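Read through the structure below, which is laid out as structure tokens, and then see the notes.
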Amino acid sequence: MTTLALSDSWSMLGRHLQRMRHAPGLFIITMTMPMTMLLFFGYVFGSAMVLDGGGNYRAYLVPGLFAATAVNGVLTSMLASAQDHQRGVMDRFRTLPMSRFAIPAGQTASDVAMAALGFVPLALCGLAVGWRVEGGPAAAVGAFSLLLLFRLVTAWVGHYIGLVVGSEEAAGQLDASTFMLPLLSNAYVPTGGMPGWLRTVAEWNPISALVTAVRDLFGNSGPASHASWPVAHPLAASLGWAAVLLAVFVPLTVRRYGRDAA
């Protein structure tokens, strides 16, 4: 990567952070939505949840919500990309002498920065409802690093989808599908009670590997089925999924941005 591309990416990062500063409502939602989901799932659904071994469901839920927040990069980047595309912002950028890589790189980097801030209130709320980091400081740093890596990955995926759909309305319609992804995993409930076919699908969902790896690193390992390879080797599977998705979507996004300019 050239020095010019890095400089342009840094400039675009500043632009997206400035845009967030001028949208306080979006910033507040980013900070509070994970906490709202924790309280809702933890106390509304949690009253009916009984884990094998009698564990605390809210403590089981917190790592899953961390992972769901990381995966939410698909939605936020998709909406921002589609908005810029529809309003002609990207057409203006294309007239500037800047690297094609800089536009998506700056957006995805800003998305990761906002996600890192969003983890703080969720962690504090999790500690208040009984979640604890039991795997040690180094493992906890590894867990948060893995979460931010996945936020970066899903932000690139979302940026590409936003370029493809090209409109805010279409991107908004895809909102529900991104919300469903964590539901079809072990983020909120163990997969052991699912029907066999659904259990296999859920365990091969990349989110399940991420959730299991994060739980292991935090020392929160709960009831989980190790029938499928990604759940039995969650850290290796998570890093593998991240590498594959980045290898696919980074060049696709840069190529799509360049093709739209033609």
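The values are calculated or read from the model by the stated rules, or taken from the named source; none is laboratory data. Computed from a predicted structure; not experimentally measured. Don't worry about glycine lacking a Cβ; one is built from the backbone with ideal geometry, like all the others, and counts go over all protein chains shown.
Between Arg215, Arg256, which is farther than 24 Å from Gly142 by Cα and of a type in the set (Lys, Arg)?
Working: Arg215 fails: farther than 24 Å from Gly142 by Cα.
Matching residue, one of Arg215, Arg256: Arg256.
Checking each residue of the stretch 98-108 against the condition of being within 21 Å of Leu235 (Cα to Cα), within 19 Å of the chain's Cα centre (by Cα) and surrounded by fewer than 24 Cβ atoms within 10 Å (Cβ to Cβ) gives no match. Going by what's in this entry, would Ser238 be described as at pLDDT 90 or above, within 21 Å of the chain's Cα centre (by Cα) and of a type in the set (S, T, N, Q)? Yes, satisfied. Residue count for the stretch 116-132 under the criterion of being surrounded by 18 or more Cβ atoms within 10 Å (Cβ to Cβ), over 15 Å from Leu39 (Cβ atoms) and out of contact with any Ser or Thr (no Cβ under 8 Å at 6 or more places or on another chain): the result is 0. The set of residues in the stretch 84-133 being in contact with a helix residue (DSSP H, G or I) (Cβ under 6 Å, 6 or more places away or on another chain) and basic (Lys, Arg) consists of Arg94, Arg100.
Would you confirm whether or not the stretch 138-146 contains a residue that is closer than 20 Å to Pro206 by Cα, outside any loop (DSSP other than H, G, I, E, B), at pLDDT 90 or above and polar (S, T, N, Q)? Taking every residue of the stretch 138-146 in turn, at least one turns out to be closer than 20 Å to Pro206 by Cα, outside any loop (DSSP other than H, G, I, E, B), at pLDDT 90 or above and polar (S, T, N, Q). Number of residues in the stretch 134-147 that are touching a helix residue (DSSP H, G or I) at 6+ places or on another chain (Cβ under 8 Å) and under 16 Å from Ala209 (Cβ atoms) equals 4.
Taken over the stretch 166-177, the residue count meeting the criterion of being among the aliphatic types (A, V, I, L, M), assigned to a helix (DSSP H, G or I) and either in contact with a Lys or Arg (Cβ under 7 Å, 6 or more places away or on another chain) or under 19 Å from Val71 (Cα atoms) (or both) is 2.
With respect to (1) among the hydrophobic types (A, V, I, L, M, F, W, C); (2) assigned to a helix (DSSP H, G or I); (3) within 24 Å of Leu39 (Cβ to Cβ), the lone exception for Trp156 is condition (3).
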